[in-house]
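Have a look at the structure below, then the notes.
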């Protein structure tokens with residue numbers, strides 16, 4: 001089935017005189033560098049040839065012949081590069097195009113002064129940390145964890161652990177005790193790096209008690225590595241049965257910068273699902289899959305090289321941190337930023353980007369939309385001429401957000417709206433420097449990602465809404481879930497609904513131009529009177545109203561076949577100065593005229609705050625359960641939320657209905 005779609009406004013076009021790396025790559029495989037669609041189709045039709053070409057284009061260090069690339073295309077169970085051995089840390093610390101005295105890491109924090117590391121200093125710190133981990137008894141396969149923010153120490157620990165073949169994981173220090181224990185009791189780390197606290201804007205946050213409780217609850221921990229980050233000299237907690245050392249002591253002795261080359265699917269790190277319902281899924285990613293996928297993404301789609309300064313706002317509890325630090329694979333300088341991005345105001349990140357010469361500024365769609373709402377104009381805050389790219393993820397970015405970037409940041413920037421997931425630590429759909437940017441649309445399907453939109457009969461559709469599915473394997477699909485020895489949890493998570501096809505759980509529309517729109521989770525659809533709507537479209541309308549700070553909508557279906565009840569929860573920008581009845585009228589008018597009369601909410605409830613995960617995602621399904629009578633603490637795990645008390649707000653609404 002093919003739909004017809006009218007082309008929206010073009011906001012950016014490729015520079016015909018530019019020479020991005022993706023064009024060079026296309027030429028090496030004999031494809032017209034200006035024909036992205038042909039390159040994408042070849043990449044998914046011939047995955048063995050495509051991924052071999054990626055390996056050779058970036059000259060990945062390793063042993064063995066990178067052929068075959070794909071020995072078994074089963075999903076799940078694909079076998080990639082069975083003949084090679086490599087190490088992610090070795091590829092990272094190669095730092096192509098950078099001299100020893102080049103600064104490759106810049107860290108800015110609200111807790112301490114800036115830190116800069118040259119290539120030589122970074123390599124030296126990794127070698128020292130590696131030696132320290134060996135003194136602590138860490139060997140290949142052991143787990144090493146960090147309860148630490150987006151600072152150089154976390155990066156150094158990741159690379160040191162990876163060099164040994166140990167398996168890394170991290171939790172941001174804003175995670176509560178139970179959230180951390182729920183994650184790490186599954187993987188049983190032997191070494192934990194922890195900070196005493198951090199500063200969030202002007203507010204100091206002490207975490208010494210949480211660190212003691214976390215380590216005490218994890219019998220596997222043999223060594224606590226203490227990093228006094230909030231207060232230099234803060235003493236480490238004394239925990240029975242656990243040795244304690246400081247970060248300085250761990251790095252106290254010089255070491256050899258060596259790398260154990262491992263099979264392609266050897267575990268590199270464990271990322272965790274949000275854990276809003278039940279235990280978080282411990283998603284294991286491999287050395288080879290992450291190395292290749294991040295080289296493809298950052299080197300081809302983002303066109304990064306040794307002249308780039310790469311920033312993406314993230315905590316260590318979100319997969320975007322893992323992508324950010326992988327900027328080193330391309331020789332880019334990476335900017336690690338820790339603190340409150342709205343302190344003292346939303347212009348701070350833009351000021352820092354200007355001062356630090358950032359060439360690529362990555363953030364979330366909600367951040368960009370809030371900047372728009374508050375009238376932030378980055379091109380008036382600083383000289384944005386060095387900035388060539390802006391990245392957006394975490395939620396769909398509507399057309400208004402696209403236009404704001406080009407109006408307020410600059411007409412020259414390449415806006416890359418991307419969507420993927422922790423599950424693959426990558427994007428399925430995104431952008432390319434050889435493809436135009438259309439208002440409100442994701443520019444293209446990513447190379448090597450066989451993305452389709454399936455209708456209710458499991459058939460691919462173009463121009464109409466369908467399930468986002470992946471019909472062929474990607475190297476960064478999980479090695480598996482930790483402890484899931486027979487793969488049953490992994491299969492149930494992605495392959496249960498359609499045999500041999502990855503169902504991601506998002507609604508997607510793929511246009512005839514090859515662009516895409518993501519319109520929310522497919523398990524949170526608004527289906528009223530036969531009109532099916534993704535929640536992202538709903539939020540675009542409601543949150544455009546100046547009175548609304550945040551919103552969340554759920555559809556409570558009628559078991560007897562009626563229209564059901566559409567419930568809208570909103571938090572207000574000015575709780576004391578808003579006429580709620582007037583707001584109801586405004587919401588109804590805007591939704592009726594901009595979406596459909598069927599999607600005017602039956603109920604509108606004002607709450608102080610709405611439940612979001614620590615990475616900012618709205619909890620639509622748990623909220624729906626609470627409104628149907630499920631106790632709040634059964635519907636969601638409080639420790640996984642940015643504001644756990646927001647669940648009580650929803651429970652109060654449920655009780656009042």
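Surrounded by 24 or more Cβ atoms within 10 Å (Cβ to Cβ) and at pLDDT 95 or above, is that true of residue 353? Before you say what the answer is, go through the steps one by one.
On the way: surrounded by 24 or more Cβ atoms within 10 Å (Cβ to Cβ): yes; at pLDDT 95 or above: yes.
Here the answer is yes, as residue 353 does meet what is asked.
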(message) Quick check on my filter: what residues within segment 43-65 are surrounded by 15 or more Cβ atoms within 10 Å (Cβ to Cβ) and outside any helix (DSSP H, G or I)?
(response) 46, 58, 60, 62
(request) Would you check if there is a residue in segment 360-377 being within 21 Å of the chain's Cα centre (by Cα) and more than 30 Å from residue 547 (Cβ to Cβ)? (result) yes
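Take residue 145 and decide whether it is buried (at least 20 other Cβ atoms within 10 Å of the Cβ) and either over 27 Å from the mean Cα position of the chain (by Cα) or part of a helix (DSSP H, G or I) (or both).
On the way: buried (at least 20 other Cβ atoms within 10 Å of the Cβ): yes; either over 27 Å from the mean Cα position of the chain (by Cα) or part of a helix (DSSP H, G or I) (or both): no.
It is false that residue 145 is buried (at least 20 other Cβ atoms within 10 Å of the Cβ) and either over 27 Å from the mean Cα position of the chain (by Cα) or part of a helix (DSSP H, G or I) (or both).
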(request) Tally the residues that are more than 11 Å from residue 516 (Cα to Cα), modelled with pLDDT of 95 or more and buried (at least 21 other Cβ atoms within 10 Å of the Cβ), restricting the search to segment 451-469. (result) 1
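Checking the condition within 30 Å of residue 43 (Cβ to Cβ), at pLDDT below 95, surrounded by fewer than 24 Cβ atoms within 10 Å (Cβ to Cβ) and in contact with a helix residue (DSSP H, G or I) (Cβ under 9 Å, 6 or more places away or on another chain), which residue from 439, 365 passes?
Working: 439 fails: at pLDDT below 95.
Result of the check over 439, 365: 365.
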(message) I'd like to know if segment 401-414 contains one or more residues that are in contact (Cβ under 8 Å) with a residue 40 or more places away in the chain, part of a loop (DSSP other than H, G, I, E, B) and at positive phi.
(response) no
(message) Looking for something outside any loop (DSSP other than H, G, I, E, B) and either at pLDDT below 95 or more than 30 Å from residue 491 (Cα to Cα) (or both) - is there at least one such residue anywhere in segment 66-85?
(response) no
(message) So, in segment 87-113, how many residues would count as being touching a helix residue (DSSP H, G or I) at 6+ places or on another chain (Cβ under 9 Å) and either closer than 22 Å to residue 312 by Cβ or outside any loop (DSSP other than H, G, I, E, B) (or both)?
(response) 18
(request) Would you point out the residue of segment 377-394, among those that are in contact (Cβ under 8 Å) with a residue 60 or more places away in the chain and crowded, with 23+ Cβ neighbours inside 10 Å, that is nearest to residue 474 (Cα to Cα)? (result) 393
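Going by the structure shown, is residue 327 over 27 Å from residue 640 (Cα atoms) and either outside any helix (DSSP H, G or I) or at pLDDT 95 or above (or both)? Spell out the reasoning first.
Values: over 27 Å from residue 640 (Cα atoms): yes; either outside any helix (DSSP H, G or I) or at pLDDT 95 or above (or both): yes.
Against the criterion (over 27 Å from residue 640 (Cα atoms) and either outside any helix (DSSP H, G or I) or at pLDDT 95 or above (or both)), residue 327 qualifies.
Do you know which residues across segment 355-371 are closer than 19 Å to residue 400 by Cα and part of a strand (DSSP E or B)? It would help to see each step written out before you state the result.
As a first pass, look at segment 355-371 and keep what is closer than 19 Å to residue 400 by Cα: 361-371.
Passing the criteria: 361, 362, 363, 364.
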(message) Quick check on segment 182-199. Is at least one of its residues surrounded by 24 or more Cβ atoms within 10 Å (Cβ to Cβ) and assigned to a helix (DSSP H, G or I)?
(response) yes
(request) Considering each residue of segment 491-526, count those that are free of Cβ contacts under 8 Å to residues at least 40 places away in the same chain, in contact with a strand residue (DSSP E or B) (Cβ under 9 Å, 6 or more places away or on another chain) and not in a strand (DSSP E or B), and give that number. (result) 3
(message) Residues to consider are 174, 153; find the one that is in a loop (DSSP other than H, G, I, E, B) and within 23 Å of the chain's Cα centre (by Cα).
(response) 174
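Suppose we filter 566, 591, 583, 647 for residues that are farther than 30 Å from residue 182 by Cβ, without any contact (Cβ under 8 Å) to a residue 40 or more places away in the chain and buried (at least 16 other Cβ atoms within 10 Å of the Cβ); which single one remains?
On the way: 566 fails: without any contact (Cβ under 8 Å) to a residue 40 or more places away in the chain; 591 fails: without any contact (Cβ under 8 Å) to a residue 40 or more places away in the chain; 647 fails: farther than 30 Å from residue 182 by Cβ.
The conditions single out 583.
The values are calculated or read from the model by the stated rules, or taken from the named source; none is laboratory data. Computed from a predicted structure; not experimentally measured. Cβ: placed from backbone, ideal geometry, glycine included. Neighbour counts: every protein chain shown.
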